[in-house]
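The values are calculated or read from the model by the stated rules, or taken from the named source; none is laboratory data. Computed from a prediction, not measured in an experiment: that's the story for all the values here. Backbone-built Cβ (ideal geometry, glycine too); neighbour counts: all protein chains shown.
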There are 2 protein chains.
Amino acid sequence: MRLRTPSDIGALIRERRRALGLDQRTLALRVGVSRQWIVEAEGGKRGAPVGLVLRTLETLGVGLRAGEDAAPAPGGRTVGAAVDIDGILAAHRRKGVAKR
Amino acid sequence: MRLRTPSDIGALIRERRRALGLDQRTLALRVGVSRQWIVEAEGGKRGAPVGLVLRTLETLGVGLRAGEDAAPAPGGRTVGAAVDIDGILAAHRRKGVAKR
DNA sequence: TCAATATGTCGTTGTACGACGACTTATGAA
DNA sequence: TTCATAAGTCGTCGTACAACGACATATTGA
């Protein structure tokens, strides 16, 4: 499963929680958060602290792995990110210049 | 790379940012956060919102994948997490869940 | 029917977070 | 040396968040 948004993570949490037969209250107890937090996390709350999210996933027995990604930024305003090789090389070459 | 804590994510961000030859200011600009936020995120700030973290990673061209994990909860107070088959089965039996 | 459970939602409150600005240190170039 | 950039840190402030408690719906079972 590929995770791009908080909603993805929320769906993952819900899916795994149900697969394990846990209710929200029990999961909340184990993770050490409030039940409401679980509700909102599953709903894809954008502001959920990454620390709690990681704890939750770990409690559910789900591991997160990072993979270099050849094709970034597919669907977002997220950025003009991509990799901008020119900028990178320029910065590397001259190290300092770039001038903003 | 396996991500377990905010520190792991911070290290990942720093590593990828440097690999791409970006400075904190530029990355912050692209992600849409303050430079200070990048500093703290790289330092493994516990509270960083998962939404921003995901945006950052995506900007860096890093994808996150979830994998079911056979061996959970290695080093944390994190819990008696694991899977607790008994509880699961009990819950399932009681409800005739199947429902899913 | 009523009772219990699971989930979602609504207020309230204290706290932590993120943005902004400025300062400091370190490194490298002119 | 001086100057510019990069990175880290501090203080302030407004806002978002997580916890708590309570209530509203299903849904299921007695």
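Among the candidates B:Lys95, B:Lys45, single out the residue that is at pLDDT below 90, surrounded by 15 or more Cβ atoms within 10 Å (Cβ to Cβ), of a type outside the set (Gly, Ala, Ser) and within 11 Å of DNA strand C (Cβ to nearest atom).
Of B:Lys95, B:Lys45, the one residue that is at pLDDT below 90, surrounded by 15 or more Cβ atoms within 10 Å (Cβ to Cβ), of a type outside the set (Gly, Ala, Ser) and within 11 Å of DNA strand C (Cβ to nearest atom) is B:Lys45.
Out of all the residues in region A:48-67, which are at the interface with another protein chain (Cβ under 7 Å from one of its Cβ atoms) and within 13 Å of DNA strand C (Cβ to nearest atom)?
A:Ala48, A:Pro49, A:Val50, A:Gly51, A:Val53
Which residue, of A:Gly32, A:Gly10, is away from DNA strand C (no atom under 14 Å from the Cβ), of a type in the set (Gly, Ala, Ser) and at pLDDT 90 or above? Don't jump to the end; show me each part of the working.
Numbers: A:Gly10 fails: away from DNA strand C (no atom under 14 Å from the Cβ).
Testing whether each residue is away from DNA strand C (no atom under 14 Å from the Cβ), of a type in the set (Gly, Ala, Ser) and at pLDDT 90 or above leaves just A:Gly32.
When region A:13-47 is examined, which residues are found to be among the polar types (S, T, N, Q) and within 8 Å of chain B (Cβ to nearest Cβ)? Break it down stepwise before answering.
As a first pass, look at region A:13-47 and keep what is among the polar types (S, T, N, Q): A:24, A:26, A:34, A:36.
If the condition is that a residue be among the polar types (S, T, N, Q) and within 8 Å of chain B (Cβ to nearest Cβ), then A:Thr26 is the only one that fits.
Of the residues A:Leu12, A:Leu22, only one is surrounded by fewer than 23 Cβ atoms within 10 Å (Cβ to Cβ) and farther than 20 Å from B:Pro6 by Cβ; which?
None of the other options fit; the residue is A:Leu22.
Please enumerate the residues belonging to region A:49-63 that are over 18 Å from B:Gly10 (Cα atoms) and either within 11 Å of DNA strand D (Cβ to nearest atom) or among the polar types (S, T, N, Q) (or both).
A:Thr56, A:Thr59
Report yes if A:Leu29 is out of contact with any Pro (no Cβ under 9 Å at 6 or more places or on another chain) and over 28 Å from B:Thr59 (Cβ atoms), otherwise no.
When the stated conditions are applied, A:Leu29 passes them.
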